[in-house]
Amino acid sequence: MRYAVFADIHGNLEALETALEYARKHHLLKFIVLGDSIGYGANSNECLEWALQNAGLHALGNHEAAVIHARIRVKFTASAREAIEWTAERLRPELFARIKGLSCLQIDGSMTLAHGTIHSPEEFHYLFDESDAYKSFLALRTHFGFVGHSHVPCFFAEKEETGGYLTEGVLKLRKNERYLLNPGSIGQPRDQDSRLSFGIFNESELTFEIVRLPYDNKKASEKILAEGLPASLAYRLL
């Protein structure tokens with residue numbers, strides 16, 4: 001079974017459409033979404049609608065949670081808060097209602113999904129290093145944990161006590177190992193590589209592949225500026 005693993009689309013329709021075109025060409029039919037389909041970008045309605053309709057597994061992100069609970073926005077940076085308030089005012093009512101049905105933690109077979117960390121999914125902490133990974137492995141009850149939020153593709157292996165940044169390409173997974181896997185960000189990469197990032201998890205062959213693709217980031221950036229959103233959100237796409 002192969003899954004396309006998407007995280008942090010953040011209203012970037014140009015990046016999402018490019019990733020989906022790749023998925024179609026490579027016959028990827030099952031999708032996992034790790035939250036934050038909205039915020040930052042100009043097309044939150046379109047991106048969230050796609051995620052809700054097509055993701056077989058879908059975790060709640062902190063930006064979705066911030067639309068529901070204004071108190072969560074207090075933790076956001078000024079630009080992120082401005083963007084989520086703009087998004088909340090424009091999000092279609094039926095999508096807003098469906099966000100309430102998403103959960104912070106999902107378990108399905110060998111997989112556990114969260115946006116931030118497995119050990120405190122409702123707090124939306126970042127999983128950056130070995131100490132964060134250790135806590136999440138203690139909470140993990142499956143072989144594979146998938147997280148987003150950091151916008152940086154990475155992995156951690158429990159028994160080998162290894163991990164780190166994932167470059168483009170295939171990571172071979174061991175049968176008797178447990179992993180935390182982050183596919184990076186579709187719509188807002190933060191690893192000094194402007195290309196979109198997502199993962200392909202092949203459960204039968206035990207591989208996790210990071211795919212990096214160029215997309216029309218100039219158009220996505222211009223749309224952010226045209227909507228009057230913070231310029232920093234537009235320029236960091238470039």
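The values are calculated or read from the model by the stated rules, or taken from the named source; none is laboratory data. Being a predicted model, the structure only gives us computed values, none of them experimental. Cβ coordinates were reconstructed from backbone atoms using ideal geometry, including for glycine residues, and neighbour counts include every protein chain displayed. Remember, those area values only see protein heavy atoms, side chains included, never the ligands or the DNA or RNA. Shrake-Rupley method; radii C 1.70, N 1.55, O 1.52, S 1.80 Å.
Taking 0.36 nm per residue of sequence separation and subtracting the Cα-Cα distance, how much length would be gained by fully extending the chain between GLU177 and ALA97, in nm to one decimal? So the extension gain works out to 24.9 nm. Compared with the alpha-carbon gap, the fully stretched path from GLU130 to GLN192 is longer by 20.1 nm at 0.36 nm per residue. The shape of the stretch 123-238 can be summarised by an equivalent ellipsoid whose semi-axes, obtained from the alpha carbon gyration tensor, come to 30, 16, 10 Å from longest to shortest.
Looking at the square roots a ≥ b ≥ c of the eigenvalues of the Cα gyration tensor of the stretch 42-103, which shape do they give, rounded for a/c under 1.5, prolate if a/b is larger than b/c, or oblate? The shape class here is prolate. The local environment of MET1, defined by Cβ-Cβ distances under 9 Å, has a net charge of +1 under the rule Lys, Arg +1 and Asp, Glu -1. Taking the accessible area of the chain, probe 1.4 Å, and keeping the other protein chains in place, the carbon and sulfur fraction comes to 51%.
Listed cross-link partners LYS30/LYS172; LYS100/LYS159; LYS30/LYS100 are compared with a 25 Å cut-off, the Cα-Cα value being larger for LYS100/LYS159. Accessible area per residue for the stretch 28-123, computed on protein heavy atoms with a 1.4 Å probe, is 41 Å². Sorted from greatest to least, the principal axis extents spanned by the alpha carbons of the stretch 59-194 come out as 47, 33, 24 Å. Which net charge results when you count Lys and Arg as +1 and Asp and Glu as -1 among the other residues whose beta-carbon is under 11 Å from that of GLU177? Cβ neighbours under 11 Å give a net charge of +2.
Candidate cross-link partners of LYS175 among the aspartates and glutamates, defined by an alpha-carbon separation under 19 Å and a same-chain spacing of 8 or more, comprise ASP108, GLU158, GLU160, GLU161, GLU203, GLU205, GLU209.
Building the convex hull from the alpha-carbon atoms of the chain and averaging its projection over directions returns 11.4 nm². The stretch 42-63 and the stretch 143-193 have their alpha-carbon centroids 21 Å apart. Exposure check, 1.4 Å probe, all protein chains in place: ARG212 carries approximately 10 Å² of accessible surface. Mind checking the full-extension length gain between LEU29 and GLU122? Use 0.36 nm per residue of separation minus the Cα-Cα distance, one decimal, nm. Difference between extended and current length: 30.6 nm. Reported value for the stretch 12-63: 64 Å³ per residue, from the convex hull of its C-alpha atoms.
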